[in-house]
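J.: After the structure tokens below, expect a handful of questions from me.
Just so it is clear, none of the values below were taken in a lab; they were calculated from the coordinates. It should be emphasised that the depicted structure is a prediction, and the values quoted were computed from it without experimental measurement. Don't worry about glycine lacking a Cβ; one is built from the backbone with ideal geometry, like all the others, and counts go over all protein chains shown.
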Amino acid sequence: MLYMKDLLALSHFRFTFLLTDSSQYVVDWALTWHILMFQPKFDDSFTKENVSRHHTLKFQLFLEDLPTLESLKRTRPDLYVEILTCRSCEDHLEDFMHLFLCKKRRVKLHQLFTSYLHHLTQKLKEAGNNANCDYSSQIDRITSLPCWTFLSSNWFSYSLVRGCLPTAFLDAFVTLSISRLTAMNVVAAIHNNFVNKFHK
């Protein structure tokens, strides 16, 4: 048991372990892959370069491969000295997790999560109204997921940002008589909107 406790202290192992915890947040890997490969329909103001950057950002988030100061220090020690810290708060080292925990970005991240949840619940309401079904229990199910608050101990929100989405997202739509593929496209569009806002 002691070895398991030591393993869980390792951040990546803890993240992977929690993704298999069926009590709260089960990742739908088919949905996750669909989101990574999903090509949203952009208007004429989006160039191929913008679309490529958006697609790259989705994979960088998924693979935890954003060019943070800490990763740049490892890859280019000749350019980035060890003493550099987060340029926003200037208090902490800027690693992948700090991008979301930085006190200077906390309000913006909260707004992004609120917007994500709002879009998701609005689409559930539309689906419920179209199917003449009561959607309140599905909205309660989605809003009660542990992924909507970003804390250092909350790996579920971390998985949401990375694009590892829960089965509950699709299940809520399927319960309201929406086909699985349509539900996947709706969730993918909402997640792409989140990634696009995250980039700005």
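J.: Highest GNM mean-square fluctuation, the chain, Cα pairs closer than 10 Å: which of Ile83, Ile139, Ile35?
T.: Ile83
J.: Turning to a different aspect of this structure: Mind checking the full-extension length gain between Asp140 and Thr85? Use 0.36 nm per residue of separation minus the Cα-Cα distance, one decimal, nm.
T.: Using 0.36 nm per residue and subtracting the Cα-Cα distance, I get 15.8 nm.
J.: A further question on this structure: Helix 48-62 against the longest principal axis of the chain: what's the angle in degrees, Cα atoms only, rounded to the nearest 10?
T.: Value to nearest ten degrees: 80.
J.: Just add up the charged neighbours of Thr68: K/R +1, D/E -1, any other residue whose Cβ is under 11 Å from the Cβ of Thr68. Spell out each step's value before the answer.
T.: Values: positive: Lys73, Arg74, Arg87; negative: Glu64, Asp65, Glu70, Glu94, Asp95.
Counting the neighbours of Thr68, the net charge comes to -2.
J.: Using Cα-Cα distances under 8 Å and only pairs 6 or more residues apart, what relative contact order does the chain have, in percent? Mind showing how you got there, number by number?
T.: On the way: 196 pairs, mean separation 58.7, N = 200.
Reported relative contact order: 29 percent.
J.: With Cβ to Cβ distances under 14 Å as the rule, what net charge do the other residues near Ala30 carry (K, R +1; D, E -1)?
T.: -1
J.: Take Thr149 and Ser177, extend 7 Å from each Cα along the Cα→Cβ direction, and tell me the distance between the two endpoints in nm.
T.: Calculated label separation equals 3.7 nm.
J.: Which shape class applies to the stretch 131-199: rounded if a/c is under 1.5, otherwise prolate when a/b exceeds b/c and oblate if not, where a ≥ b ≥ c are the square roots of the Cα gyration tensor eigenvalues? Before the final figure, lay out the partial values.
T.: Values: a/c = 2.43, a/b = 1.47, b/c = 1.66.
Because a/c hits 1.5 or more and a/b fails to exceed b/c, the stretch 131-199 counts as oblate.
J.: Further question on the same structure: Modelled label-to-label distance, Thr75 and Asn129, 7 Å Cα→beta-carbon offset: nm?
T.: 4.6
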